[in-house]
Amino acid sequence: MNQDPSPGGESPFGQTIQFACSKCQRQLRVNQQAAGTAARCPACGSVEQVPNATQSPAVPSVPSAVKSPPSPPEEKAPQPPSPPSTDTTSLAETPVVATRTASPQPGTDSASSGPTRSKVSVTPKLSLQSEQITEGKSTPTRVLFDKIVEQVAKIYVGQDELVLGSLVALFSNGHVLIESVPGLGKTLFVRTLGRALGCDFGRIQFTADLMPSDITGAPIFDMKDQEFRFRPGPVFTQLLLADEINRSPAKTHAALLETMQEYRVTVDGTSHELQRPFLVLATQNPLESEGTYNLPEAQLDRFMFKLIADYPDEAEEADILRLHSQQVDLNERLEEEVKQVTNPDEITQITHANGEVRVDDKLIDYINQIVRRTREWPQFYMGASPRAGIALMQGARTLAAFYGRDYAIPDDVVQIALPALRHRTIMTAESDVEGLRADDVLQELIRTVEVPRI
């Protein structure tokens, strides 16, 4: 990434290290402080190990040619004779998301935008194999998180974003919208999670003729006492799976709005409180499926995250075949293999404790800039609401607690940015025609926001 030279022609990064890409022989130049880290060649994408200063001479950075009005030719570094065009490329400091090992994570980039701040080059996804999970301290929240993941993995294979995103939402008093095709084990996941958490599990199959009273419950006339009694509906549970929610019309969706926001149901002027914790995991088929309705924006905003469950990879699907092809009763397996590792009271206590995780003012400004930029981005017809910023802060706190930290960092925000924003933004008609995806546009947007040093 080309950097503007500082006054006097010297690089703002001081001494640099110059070395050649082993694949395309392009001359690369990085800050001397990046010695020993991994860098990605911007030309061919090859990952190179930055040599130490003793292995490569440290020279002042020379800016590469940029488009500008006619001016005296800029000085360039010596180029090897082999490739025909190998203009020197200046690379800045290693960004926040870069790994500091000889074998970096796929997709990381070594370009940044300044001496004290950097821009995120690749948006990391929620993953149970994150380095932060293995390096965190052993705290009560971290220990409980590890136990829950261990129990869920006995029955449910893969889908890291679904598992981790659902747990973050549960311990943040949020709800989850899951988009996937049928047959990926969403019901199995919720049942397994309910067994490990010791919470009640309920399921509603949404259809085109489902009425709001079928969800919330309704007064029933008691012939014996000659009076109406309220009969609770299936929403009175702790883990609620709203299956194929977009197969019902808007009037049925409206029955969940008060429930998800205020954790109560009002029928005939009487409010009925729900048990805590209360987590709604709503699933929807892709919008191109037949017989589906678009969820109204008011309800989409109630969901903390929108998670994407995709087909498993080859190894995971082989494990699924081995685990679930023995004609063993699923209820029996849940009872015998999955142990209850917590209870609703402990979940509520840890949820309150997660609210004490520190969020620096610089990180609050970072979250604010991401959310506000969605409202002015040209590919978005409508940007995210302030509720999106609240979801990012709450999710970052919970994710930091899962990783064994009592403070949040920019990486926590970046990991949950796509799940928290993808359903709160609306693409313009031109963007839809061009086939742009919200995730791709959001990643481009996040790359333009400077990451604070905390």
Just a yes or no: is a residue in the range 119-142 surrounded by fewer than 22 Cβ atoms within 10 Å (Cβ to Cβ), at pLDDT 85 or above and within 18 Å of the chain's Cα centre (by Cα)?
no
Residues to consider are LYS154, LYS251; find the one that is over 21 Å from the mean Cα position of the chain (by Cα) and modelled with pLDDT of 85 or more.
LYS154
In the range 404-443, residues that are surrounded by fewer than 21 Cβ atoms within 10 Å (Cβ to Cβ) and farther than 21 Å from LEU307 by Cβ total 12
Flag if GLU297 is assigned by TED's automatic domain parsing to the domain that holds ILE178 and not β-branched (Val, Ile, Thr):
yes
What tally of residues in the range 375-403 results from selecting those that are surrounded by fewer than 23 Cβ atoms within 10 Å (Cβ to Cβ) and touching a strand residue (DSSP E or B) at 6+ places or on another chain (Cβ under 9 Å)?
6
Taking the residues in the range 253-268 that are in a helix (DSSP H, G or I) and acidic (Asp, Glu) as candidates, determine which candidate is surrounded by the fewest Cβ atoms within 10 Å (Cβ to Cβ).
GLU262
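For every residue, the table says whether it meets (1) at pLDDT 90 or above; (2) within 30 Å of GLY435 (Cβ to Cβ); (3) in the same structural domain as THR425 (by TED's automatic domain parsing).
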{"site": "ASP345", "(1), (2), (3)": "yes, no, no"}
{"site": "THR348", "(1), (2), (3)": "yes, no, no"}
{"site": "MET382", "(1), (2), (3)": "no, yes, yes"}
{"site": "GLY389", "(1), (2), (3)": "yes, yes, yes"}
{"site": "ARG397", "(1), (2), (3)": "yes, no, yes"}
{"site": "TYR403", "(1), (2), (3)": "yes, no, yes"}
{"site": "TYR407", "(1), (2), (3)": "yes, no, yes"}
{"site": "PRO410", "(1), (2), (3)": "yes, no, yes"}
For the range 269-338, which fully contained strands (runs of 3 or more DSSP E) count at least 3 residues that are surrounded by 16 or more Cβ atoms within 10 Å (Cβ to Cβ) and of a type in the set (Lys, Arg)?
none
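The values are calculated or read from the model by the stated rules, or taken from the named source; none is laboratory data. Fair warning: this is a prediction, and the values are worked out from it, not measured in the lab. Ideal geometry is used to build each Cβ from the backbone, glycine not excepted, and the neighbour counts take in all protein chains shown.
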